[in-house]
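**Student:** I am attaching a structure below and will ask some questions about it afterwards.
The values are calculated or read from the model by the stated rules, or taken from the named source; none is laboratory data. Remember, it's a predicted structure, so these values are computed and weren't measured experimentally. All Cβ positions, glycine included, derive from the backbone under ideal geometry; neighbour counts span all protein chains shown. With ligands, DNA and RNA removed, areas are computed over all heavy atoms of the protein, side chains included. Shrake-Rupley method; radii C 1.70, N 1.55, O 1.52, S 1.80 Å.
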Amino acid sequence: MYCFSVKAVPVRLLAAGLPALLVLGSPAVPATAAAGPARAAAVPYLDPALPVAARVDDLLSRMSLDDKLGQMTQPERRYVTPEEVGRYRIGSVMSAGGSAPSPNTAKSWADMVDAYQRGALSAPLRIPMMYGVDAVHGDNNVVGATIFPHAIGLGASRDPGLVRRIGAATAEEMAATGADWDFAPCLCVARDDRWGRTYESFGEVPELPSAMTSLIDGLQGPEPGGPASVLATAKHFVGDGGTEGGRDRGDARISEEELRAVHLPPFREAVRRGVGSVMVSYSSWNGVKMHANRYLISGVLKGELGFGGFVVSDYQGVDRIDGEKGMTRDEIAKAVNAGIDMVMVPEKWKDFIAGLRAGVRDGTVPMARVDDANRRILTQKMRFGLFERPMADRRYLRTVGSAAHRALARRAVAESQVLLKNDGVLPLRRDARIFVAGRSADDIGMQSGGWTVTWQGAPGATTPGTTILQGIRQVAGERATIAYDRDGKGIDTSYDAAVAVVGEKPYAEYHGDRPDGLALDEEDVRTIERLRASGVPVAVVLVSGRPLDVASRLGGWNALVASWLPGTEGAGVADVLFGDARPAGRLPVTWPRDGGQEPVNRGDGKEPLFPFGYGLTYGGAAR
Ligand code: GLC
């Protein structure tokens, strides 16, 4: 049930002599609010010349309870219409991974997001909505967007400046589509590589994700609210990378001392950089769901760290607090009272609004908490210029998948490659006969990994780009002979070198959990063995979201390159293979002897296959 209330026109409005209308559902907003910007300035909250705090105070004073409840609600696009966004005063709409308009082009994204925005602006107070997406390695939901290396590869680059530039490029491609809120960066500290989200981490020690919070500067821009500036999200607060057994959404059974030393620092740095939002983790800390953890969200994040932005739940995260299906009023009250300001409630968003209203009515959720949540949300909307520029900035459509962005991505790929072994077969010669094999050699989907066009990603030509094989052909040039067979069939001793490009199929989140170990895929083993049987030297290029079990086979390989999940610009791998770029990457995570060694991390006293920070360059010197 959705109630309207008629509100008196605030006296000062009349005193200002502004024409005012009595509107249902909210305190009056003078007709001028609907007028062009020139006259809108008469209404304080629409006046960009005023301090944000004053504008927020003014707007809050005009909002009804329904306006405020709507601001705290974030449905998924499939379950809400633009008309409902206006009717229920919805504060934000989001796309789940891969939830895209059809056709999936940047322009149709802009058309879709603008339609939702027009819905939001049709409400009396004309509060613009924010559109949230997981642009975690480029604007990856959009076909044709530049797909950058996933975070684990960027951690290997040790290049925060590069990561900042990637954030800026991502913000441009997002701005074209109207999406103005990025659920990135993930600042998790991956402590167990069996975790399906290891590749979303910049590394296993806090200083790596902390350094790569430079992505926030790129996304939000030097001046939040400037052109191509989007709201960033530090996620997932806190300790998701430290769960028992690397189980996604599991329980981090660690002391507060370890939580603060290992998992909290990247969030401290993100707050220092002015991140505008924080997303709460599905995981638990010592048995307490993070979504209900008032001490850590309100006490530590908002209190101790001084976070002034707003906190958003994860997707259906509130529903999962009690471990039972479905969202209860008790869960809603627990989450909001813990300090969650906006709830990502994809489908049951009307139930959420009703449940929160009931909580306010019966006092389980103080009105002050609702006002604080709205203040935080509205402050970010004003900080990012949404009231002045609510629509997609179609000037940036030309940047989507642009040559400049792809060149940046190619450089990031090259910087992320980690050379782990080389008996001299690398760099490859340009006058050589080279045999390329492997299921990941000629496959954009395999080299991009999860969160690419769809949530889980998929093998195949899912989006425009350059496969690693195409890159090898491009970089090698005419004098080289490049043969390819996915399985390695046809290789013989006439070849100078073989390159086996193998690894993992795409996955995301818990679908990638590997509690039973990190063994190489059987098909990949067969391919490498077929190449080795020919007697031709073999360089293995591992396209994976994490270290895999290679110790028992490494002796028979002539070279090994950890390529991680490079994205659409596979030529960056070839740049390293041919020596146009010297290998510079260093391990962002410890490489285990075998999966049974997990968790294995710097300083834990275990003997890994390769230590954290390891990486060779040409000429054999360790970096
Ligand atoms: C997912 C992920 C989170 C993502 C959110 C929205 O389940 O945990 O990283 O931002 O839902 O897609």
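**Student:** From (1) away from the ligand (no atom under 16 Å from the Cβ); (2) touching an Asp or Glu at 6+ places or on another chain (Cβ under 9 Å); (3) at positive phi, pick out the condition that doesn't hold for Arg126.
**Tutor:** It fails just one condition, (2).
A quick yes/no check of all residues on (1) open to solvent by 10 Å² or more (accessible area, probe 1.4 Å); (2) not assigned by TED's automatic domain parsing to the domain that holds Val43; (3) not β-branched (Val, Ile, Thr):
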site: Met130; (1), (2), (3): no, no, yes
site: Asp139; (1), (2), (3): no, no, yes
site: Arg165; (1), (2), (3): yes, no, yes
site: Thr177; (1), (2), (3): no, no, no
site: Ser210; (1), (2), (3): yes, no, yes
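**Student:** Could we say that Met367 is among the aliphatic types (A, V, I, L, M) and more than 26 Å from the chain's Cα centre (by Cα) here? Spell out the reasoning first.
**Tutor:** Working: among the aliphatic types (A, V, I, L, M): yes; more than 26 Å from the chain's Cα centre (by Cα): yes.
When the stated conditions are applied, Met367 passes them.
**Student:** Ok, one more. Take the residues of the stretch 222-250 that are closer than 19 Å to Ile377 by Cα and assigned to a loop (DSSP other than H, G, I, E, B): which is most open to solvent (accessible area, probe 1.4 Å)? Walk me through how you get there before you give the answer.
**Tutor:** Residues of the stretch 222-250 that are closer than 19 Å to Ile377 by Cα, as a first pass: 223-226, 229-237.
Narrowing the set further to residues that are assigned to a loop (DSSP other than H, G, I, E, B) leaves 223-226, 229-230, 232.
On the way: Glu223: 132, Pro224: 37, Gly225: 11, Gly226: 24, Ser229: 16, Val230: 3, Ala232: 0 Å².
So, considering only residues that are closer than 19 Å to Ile377 by Cα and assigned to a loop (DSSP other than H, G, I, E, B), the one most open to solvent (accessible area, probe 1.4 Å) is Glu223.
**Student:** Are there any pairs, at least 6 apart or on different chains, whose C-beta atoms fall under 9 Å, with the first in the stretch 508-522 and within 11 Å of Leu548 (Cα to Cα) and the second within 16 Å of the ligand (Cβ to nearest atom) and assigned to a loop (DSSP other than H, G, I, E, B), and if so, which?
**Tutor:** Hits for this filter: Arg514/Trp195; Arg514/Gly196.
**Student:** Within the stretch 95-113, count every residue that is open to solvent by 10 Å² or more (accessible area, probe 1.4 Å) and away from the ligand (no atom under 16 Å from the Cβ).
**Tutor:** Of the residues in that region, 10 qualify.
**Student:** Could you tell me whether the stretch 313-329 includes any residue that is within 16 Å of the ligand (Cβ to nearest atom), touching a residue at least 40 places away in the same chain (Cβ under 8 Å) and either under 27 Å from Asp604 (Cβ atoms) or aliphatic (A, V, I, L, M) (or both)?
**Tutor:** The answer is no; no qualifying residue exists.
**Student:** Answer yes or no: is there a residue in the stretch 48-64 that is charged (D, E, K, R), more than 16 Å from the ligand (Cβ to nearest atom) and out of contact with any Lys or Arg (no Cβ under 9 Å at 6 or more places or on another chain). Walk me through how you get there before you give the answer.
**Tutor:** Start the filter on the stretch 48-64 by keeping residues that are charged (D, E, K, R), which leaves 55, 57-58, 62.
Going one step further and asking which of them are more than 16 Å from the ligand (Cβ to nearest atom), we end up with 55, 57-58, 62.
Retained after the next criterion (residues that are out of contact with any Lys or Arg (no Cβ under 9 Å at 6 or more places or on another chain)): 55, 58.
Among the residues of the stretch 48-64, at least one is charged (D, E, K, R), more than 16 Å from the ligand (Cβ to nearest atom) and out of contact with any Lys or Arg (no Cβ under 9 Å at 6 or more places or on another chain), which makes the answer yes.
**Student:** Given the conditions (1) farther than 16 Å from Leu264 by Cα; (2) assigned to a helix (DSSP H, G or I); (3) open to solvent by less than 20 Å² (accessible area, probe 1.4 Å), and given that Asp314 satisfies all but one, which numbered condition is not satisfied?
**Tutor:** All conditions are met except number (2).
**Student:** Can you confirm whether Asp159 is surrounded by fewer than 24 Cβ atoms within 10 Å (Cβ to Cβ), closer than 22 Å to Glu269 by Cα and either within 16 Å of the ligand (Cβ to nearest atom) or in the same structural domain as Asp58 (by TED's automatic domain parsing) (or both)? Don't jump to the end; show me each part of the working.
**Tutor:** Details: surrounded by fewer than 24 Cβ atoms within 10 Å (Cβ to Cβ): yes; closer than 22 Å to Glu269 by Cα: yes; either within 16 Å of the ligand (Cβ to nearest atom) or in the same structural domain as Asp58 (by TED's automatic domain parsing) (or both): yes.
When the stated conditions are applied, Asp159 passes them.
**Student:** Only residues that are of a type in the set (Ser, Thr, Tyr) and within 19 Å of Trp564 (Cβ to Cβ): list them for the stretch 500-544, please.
**Tutor:** Narrowing the stretch 500-544 to residues of a type in the set (Ser, Thr, Tyr): 507, 510, 527, 534, 544.
Once the filter is applied, which keeps residues that are of a type in the set (Ser, Thr, Tyr) and within 19 Å of Trp564 (Cβ to Cβ), the stretch 500-544 yields Tyr507, Ser544.
**Student:** A further question follows. Output the residues belonging to the stretch 422-477 that are over 24 Å from the mean Cα position of the chain (by Cα) and among the small types (Gly, Ala, Ser).
**Tutor:** Gly424, Ala432, Ala437, Gly438, Ala441, Gly471, Ala476, Gly477
**Student:** Over 30 Å from Thr617 (Cβ atoms), without any contact (Cβ under 8 Å) to a residue 40 or more places away in the chain and β-branched (Val, Ile, Thr): is that true of Thr364 in this structure? I'd like the intermediate steps shown before the answer.
**Tutor:** Working: over 30 Å from Thr617 (Cβ atoms): yes; without any contact (Cβ under 8 Å) to a residue 40 or more places away in the chain: yes; β-branched (Val, Ile, Thr): yes.
Yes, satisfied.
**Student:** Glu256 is checked against (1) free of Cβ contacts under 8 Å to residues at least 40 places away in the same chain; (2) within 15 Å of the ligand (Cβ to nearest atom); (3) under 19 Å from Lys302 (Cβ atoms) and fails just one. What number does that condition carry?
**Tutor:** (2)
**Student:** What are the residues in the stretch 217-238 that are charged (D, E, K, R) and within 13 Å of the ligand (Cβ to nearest atom), if any?
**Tutor:** Just the residues of the stretch 217-238 that are charged (D, E, K, R), to begin with: 217, 223, 235.
Residue satisfying the conditions is Lys235 alone.
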